[in-house]
Amino acid sequence: MSLEAPDTPDTDAADEHTPDELAALLGDLVVDRDDHLNAPGFVIRPDTVQETLSVLKEQAGYDHLSVVTAQEYENRYESIYHLKKFDDPTQEVSVVVPADTDDPVSESAEPVFRTADWHEREAYDLMGIEYDDHPDLRRILLPETWQGHPLSMDYDKDRPQIATLPEHANPLEDHHKDAKSDTMFLNIGPHHPATHGVLHLKTTLDGEQVVDVEPDIGYLHRCEEQMAQNGTYRHQIMPYPDRWDYISAGLLNEWAYARAAEDLADIEVPEYAQVIRTMGAEMCRIAAHMLALATFALDVNGDFTATFMYAINDRERVQNLLEDLTGQRLMFNYFRLGGVVWDLPKPREEFFSKTRDFLDQLPGSIEEYHNLVTANEIFQMRTIDTGILPPDVAKDYGATGPVARGSGVDYDLRRDDPYGYYDELDWDVVTEAGCDNYSRLLVRMREVEESAKIIGQCVDLLEDWPEDERTIQANVPRTLRPDDDAEIYRAVEAAKGELGIYMRADGTDKPARFKIRSPCFSNLQTLPEMANGEYIPDVIAALGSLDIVLGEVDR
Amino acid sequence: MGTASVQLFPEFIAETLGLPGVIGEVVAALIAAAVVGNVVLAFTGVAGPWAKRKITAAFTDRIAVNRVGPFGLLIIPASAVQLLAKELIVPEGVDRPTWDLAPIVLPASALLGFSVIPMGRLGPINFHLADPEVGLALVFAFASIASVSLVMAGYASNNKYSMLGGLRAVAQNLAYEIPLIVTAMSVVIFAGTLRMSGIVAAQETVLFSVAGFDIPSWYAFVNPFAFVLFLTANMAEIGRNPFDIPEAPTEIVAGYQTEYSSAYFVLFYLGEFVHVFLGGAIIAVTFLGGAAGPGPESIGFLWFVVKIWGFFLFTQWARSALPRVRIDQLIEIGWKGMLVLSFANLVLTAVIVGVIA
């Protein structure tokens, strides 16, 4: 392993800039101010995107393009670049790029942040904004033949759509360097045992080696953003997040919406509810990571592997606890704005002892996994030094969560941008410097132990909580109408990384724009970086180590 | 078990039924082959739908088939009906005669291998069809036809995954057949013969005694190093974890058998299981004293069955516990590791045998 250790934080970059300092730094680039609740916002001209973002990235240290939000107003289109710092995600800035209604063109940010590639393609696909200088501006979620842009105002939803199957297309024809090359084109998926759902990898092989892989997503696109925009803040949106990362990460997803909406409507959550949320969320994280371990073993060992069933058994135990807590096993719908829907199950002692039993047997299980999986020489041979993702590349692609932490990027929103009860508890952020498939797995396994620590502390707290102070829900108006034109972007550390939500209020009880920043979407984008030049089995392993959920990638 | 004194199975039938002459020999041989073939197929029938499920379940904390009949045993006919009743889907563009022949060649080659395996005695019957001079060479020859079938299937399926599986099968078999045979040659040096019954007979002497127990001179005890080498190469030869890469589910879907369904699929599975049993039989004969075991010689067949099922169990254990190596690593292990080790073993054995004898 010859990769350098991750860069030590640049002192300049870590410095906090006041909005005015930033404005001074950008100088003439700033046309106007459009501050959001979470960050100062600078309006710039559509042809200065690259310049602005370069300045912010290189001179102010905003090295994390979290998400690109596109939206349409009556008189303009708008792309918002939500920037953060990996060293301190509480320092945020929004770059707002208006574009003309009749001819929505704006400069692409792709040369500055690689991650903008997919985000801008999505913006083009759903909203219709075109990005100049984008390397590959095609639809990403919808079929190539789709007519219109579904989130734009003039979209005709009654128009019949025809999605043709280009059966005889030869994908090698146009993008092949040399007519005599003896490469082979292989469709991995959308139905393939290792794609973890309906993912299509357009793969070009040279023998067994991968020359090029292009993920083709959108098979599970369910208009989640559109649906959320049609729901009221108070109750109708909360069930949807469960359906993004549906691999039992439900409470973590719900927290993303809860956090954004609570900050938007200025709701304080009672401390008791925060502890319950923290405990439930960490249970979800264990369940999600157990499934990641199980399926990764499936990818590397082949079917009929014992590890899969062992990990599923452990997940089952935590799933039972979640069922006791929320009444549901998959789609929890347990959080409410301002709290949770109900208190711990009665008798409380029984729930606590069950939880403690789980926590007590967990170290034994983890040790077994280490014996069975990580200590196995063949497993190490397969995963160490394969699927390399250097830290700077990970950052460039906006990779977060265990994928980034497996590349030594010390970034965890639970610690860096605290919410819930995390900053009161004693736990550590796990990083591994290996940058390979093995490190990513190791990060998840060690995070399970950290989550168990958190749950243990939460149980202690909840057990001693005075009976008359057990408030599970703050006072929240029956109908929420956040201020007109209030905009917010808030993220939480979900099982797969930074799950963020952007919302714009328009004075009604429904959000005017609801944008989901899916960690899997950004993480999946790194796959070609890891896969090119490797063997097919390594691509499968790399994909498994990314731990994507297509429900969250496609939304 | 002296070589000359024991009657082979066809001879026994010819004598018992009183079949004279050449025609009698042919008829007796056919009957004997049918019996042995059916015994092996019966093993497969138990192993595929039932034993494998039960064993894997035991390894992975599950229960598996337990609803149909006692211990779920009736799942065997149920599965058989289910598998055969499925539609045989013939994909467009397959290379017809080859595509149809591949699923027949695989089980046939493995079954052929059993023709020279001395499976021991059960009462008066000696389950041994033929005992040619070159028995061991013959059994390897039969067993390696299997890879031809995999290539046929991979090539004829008109599917890229199948193609990759077929190519992997060739690469793997080339890399492992040689260490396998070279290691087997060290056994031949010990035994001084290629004749299967001779190899078994050579393992009958007592190696040493521990607390009154006689440890026989099975080659697994005489040369454990060769045994481990042979076992490993054999796992690769039959394509089981950690060397199941011609199939590699989750990577190349199901490799060469991706496009096969219904009866053809059953034939492939059958072939694989028979191949596993043949692998077990070869190991039993060359390293585990053939049908030898405690008790009278007349129950030797039962010991032989125990040995090959033991090997089957071992393959399932490996499958549940071990990750799969990558194709390039597999080739590297084969050519750079196993080959060198097997030649070292061969030379060492030759020197030791030469010095002692």
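The values are calculated or read from the model by the stated rules, or taken from the named source; none is laboratory data. Keep in mind that this is a model prediction, so the values were computed, not measured. Note that each Cβ is placed from the backbone with ideal geometry, even for glycine, and that neighbours are counted across all protein chains shown.
Quick check on the stretch B:305-357: of everything there that is touching a residue at least 40 places away in the same chain (Cβ under 8 Å) and polar (S, T, N, Q), which residue is farthest from the other protein chains (Cβ to nearest Cβ)?
This residue is B:349.
Going through the stretch B:23-72 one residue at a time, which ones are under 21 Å from residue A:305 (Cα atoms) and hydroxyl-bearing (Ser, Thr, Tyr)? Reasoning before the result, please.
Within the stretch B:23-72, the subset under 21 Å from residue A:305 (Cα atoms) is B:47-66.
B:56, B:60, listed by residue number.
Here is a yes/no grid of residues against (1) over 30 Å from residue B:328 (Cα atoms); (2) touching a residue at least 40 places away in the same chain (Cβ under 8 Å):
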site: B:116; (1), (2): yes, yes
site: B:171; (1), (2): no, yes
site: B:192; (1), (2): yes, no
site: B:209; (1), (2): yes, no
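Please go through the stretch A:297-315 and give me each residue that is at pLDDT below 90 and either within 20 Å of residue A:537 (Cα to Cα) or of a type in the set (Lys, Arg) (or both), ordered by number.
Within the stretch A:297-315, A:297, A:298, A:299, A:300, A:301, A:302, A:303, A:304, A:305, A:306, A:307, A:308 qualify.
Taking the stretch A:310-319 as the search range and keeping residues that are touching a residue at least 12 places away in the same chain (Cβ under 8 Å) and either within 14 Å of chain B (Cβ to nearest Cβ) or charged (D, E, K, R) (or both), which one is farthest from residue B:239 (Cα to Cα)?
Taking the stretch A:310-319 first, the residues touching a residue at least 12 places away in the same chain (Cβ under 8 Å) are A:310-312, A:314-315, A:317-319.
Okay, now just the ones that are also either within 14 Å of chain B (Cβ to nearest Cβ) or charged (D, E, K, R) (or both), so A:310-312, A:314-315, A:317.
Numbers: A:310: 25, A:311: 26, A:312: 27, A:314: 31, A:315: 32, A:317: 35 Å.
Result: A:317.
Filter the stretch B:69-94 down to the residues that are part of a loop (DSSP other than H, G, I, E, B), among the hydrophobic types (A, V, I, L, M, F, W, C) and surrounded by 14 or more Cβ atoms within 10 Å (Cβ to Cβ) and list them by number.
At the first step, the residues of the stretch B:69-94 found to be part of a loop (DSSP other than H, G, I, E, B) are B:69, B:73-74, B:86-94.
Then drop every residue that is not among the hydrophobic types (A, V, I, L, M, F, W, C), which leaves B:73-74, B:88-90, B:94.
Within the stretch B:69-94, B:73, B:74, B:90, B:94 qualify.
Take the conditions free of Cβ contacts under 8 Å to residues at least 12 places away in the same chain, surrounded by fewer than 16 Cβ atoms within 10 Å (Cβ to Cβ) and small (Gly, Ala, Ser) and apply them to residue B:24. Does it pass?
So residue B:24 does not fit the description; no.
Report whether or not residue A:355 is away from chain B (no Cβ under 14 Å) and among the hydroxyl-bearing types (Ser, Thr, Tyr).
Values: away from chain B (no Cβ under 14 Å): yes; among the hydroxyl-bearing types (Ser, Thr, Tyr): yes.
Against the criterion (away from chain B (no Cβ under 14 Å) and among the hydroxyl-bearing types (Ser, Thr, Tyr)), residue A:355 qualifies.
Is there a residue being within 14 Å of chain A (Cβ to nearest Cβ), within 21 Å of residue B:94 (Cβ to Cβ) and outside any helix (DSSP H, G or I) anywhere in the stretch B:158-172? Explain how you work it out, then say what you get.
Step one: filter the stretch B:158-172 for residues within 14 Å of chain A (Cβ to nearest Cβ), giving B:158-172.
From what is left, the residues that are within 21 Å of residue B:94 (Cβ to Cβ) are B:158-170.
Next cut, outside any helix (DSSP H, G or I) only: B:158-159.
Yes, that holds for at least one residue.
Which of the numbered conditions does residue A:390 fail, given that it passes all the others? Conditions: (1) within 14 Å of another protein chain (Cβ to nearest Cβ); (2) surrounded by fewer than 20 Cβ atoms within 10 Å (Cβ to Cβ).
The number of the failed condition is (1).
Examine the stretch B:279-287 for a residue that is within 29 Å of residue B:60 (Cα to Cα), within 14 Å of chain A (Cβ to nearest Cβ) and in contact (Cβ under 8 Å) with a residue 24 or more places away in the chain, and state whether such a residue exists. Working first, answer last.
From the stretch B:279-287, those within 29 Å of residue B:60 (Cα to Cα) are B:279-284; that's our starting set.
Now drop any that are not within 14 Å of chain A (Cβ to nearest Cβ), which leaves none.
So far as the stretch B:279-287 goes, no, none of its residues is within 29 Å of residue B:60 (Cα to Cα), within 14 Å of chain A (Cβ to nearest Cβ) and in contact (Cβ under 8 Å) with a residue 24 or more places away in the chain.
Can you tell me which residues in the stretch A:163-193 are at pLDDT 80 or above and part of a loop (DSSP other than H, G, I, E, B)?
Hits for the stretch A:163-193 are A:190, A:191, A:192, A:193.
Tally time: how many residues in the stretch A:192-215 are among the acidic types (Asp, Glu), within 14 Å of chain B (Cβ to nearest Cβ) and touching a residue at least 40 places away in the same chain (Cβ under 8 Å)? Explain how you work it out, then say what you get.
Start the filter on the stretch A:192-215 by keeping residues that are among the acidic types (Asp, Glu), which leaves A:206, A:208, A:212, A:214.
Subsequent filtering for residues that are within 14 Å of chain B (Cβ to nearest Cβ) retains A:206, A:208.
From what's left, touching a residue at least 40 places away in the same chain (Cβ under 8 Å): A:208.
Of the residues in that region, 1 qualify.
Just give me the residues in the stretch B:234-268 being more than 14 Å from every other protein chain (Cβ to nearest Cβ) and under 22 Å from the mean Cα position of the chain (by Cα), in sequence order. Steps first, please.
Filtering the stretch B:234-268 down to residues more than 14 Å from every other protein chain (Cβ to nearest Cβ) leaves B:234, B:237-238, B:256, B:259-268.
The answer is B:234, B:237, B:238, B:256, B:263, B:264, B:265, B:266, B:267, B:268.
Which residues, taken from the stretch B:57-111, are touching a residue at least 12 places away in the same chain (Cβ under 8 Å) and within 14 Å of another protein chain (Cβ to nearest Cβ)?
Answer for the stretch B:57-111, where residues must be touching a residue at least 12 places away in the same chain (Cβ under 8 Å) and within 14 Å of another protein chain (Cβ to nearest Cβ): B:59, B:60, B:92, B:93.
Output the number of the condition that residue B:323 fails; it satisfies all remaining conditions of (1) surrounded by 19 or more Cβ atoms within 10 Å (Cβ to Cβ); (2) over 30 Å from residue B:58 (Cα atoms); (3) in contact with a Pro (Cβ under 7 Å, 6 or more places away or on another chain).
(2)
Looking at the stretch A:359-380, I want the residues that are within 14 Å of chain B (Cβ to nearest Cβ) and have a partner that is aliphatic (A, V, I, L, M) and not in a helix (DSSP H, G or I) with Cβ atoms under 9 Å, at least 6 apart or on another chain. Which pairs are those?
A:376/B:322; A:378/B:322; A:378/B:325; A:379/B:322
Listed here are the residues, each with its yes/no results for (1) surrounded by fewer than 20 Cβ atoms within 10 Å (Cβ to Cβ); (2) more than 24 Å from residue B:295 (Cβ to Cβ); (3) among the aliphatic types (A, V, I, L, M).
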| residue | (1), (2), (3) |
| --- | --- |
| B:123 | yes, no, no |
| B:135 | no, yes, no |
| B:143 | no, yes, yes |
| B:163 | no, yes, yes |
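Out of the stretch B:334-357, which residues are buried (at least 22 other Cβ atoms within 10 Å of the Cβ) and of a type in the set (Val, Ile, Thr)?
B:349
Per-residue answers, yes or no, for (1) within 14 Å of chain B (Cβ to nearest Cβ); (2) under 23 Å from the mean Cα position of the chain (by Cα):
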{"residue": "A:280", "(1), (2)": "no, yes"}
{"residue": "A:287", "(1), (2)": "no, yes"}
{"residue": "A:297", "(1), (2)": "yes, yes"}
{"residue": "A:308", "(1), (2)": "yes, no"}
{"residue": "A:321", "(1), (2)": "no, no"}
{"residue": "A:327", "(1), (2)": "no, no"}
{"residue": "A:334", "(1), (2)": "no, yes"}
{"residue": "A:342", "(1), (2)": "no, no"}
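Have a look at B:194, B:207 and point out the one that is out of contact with any His (no Cβ under 6 Å at 6 or more places or on another chain), part of a loop (DSSP other than H, G, I, E, B) and not β-branched (Val, Ile, Thr).
Values: B:207 fails: part of a loop (DSSP other than H, G, I, E, B).
Only one candidate qualifies: B:194.
Go through the stretch A:100-130 and give me each residue that's farther than 17 Å from residue A:226 by Cα, hydrophobic (A, V, I, L, M, F, W, C) and outside any loop (DSSP other than H, G, I, E, B).
Correct list: A:105, A:116, A:118.
Look through the stretch B:218-249, keep the residues that are without any contact (Cβ under 8 Å) to a residue 60 or more places away in the chain and crowded, with 24+ Cβ neighbours inside 10 Å, and return whichever of them is nearest to residue B:48 (Cα to Cα).
B:234
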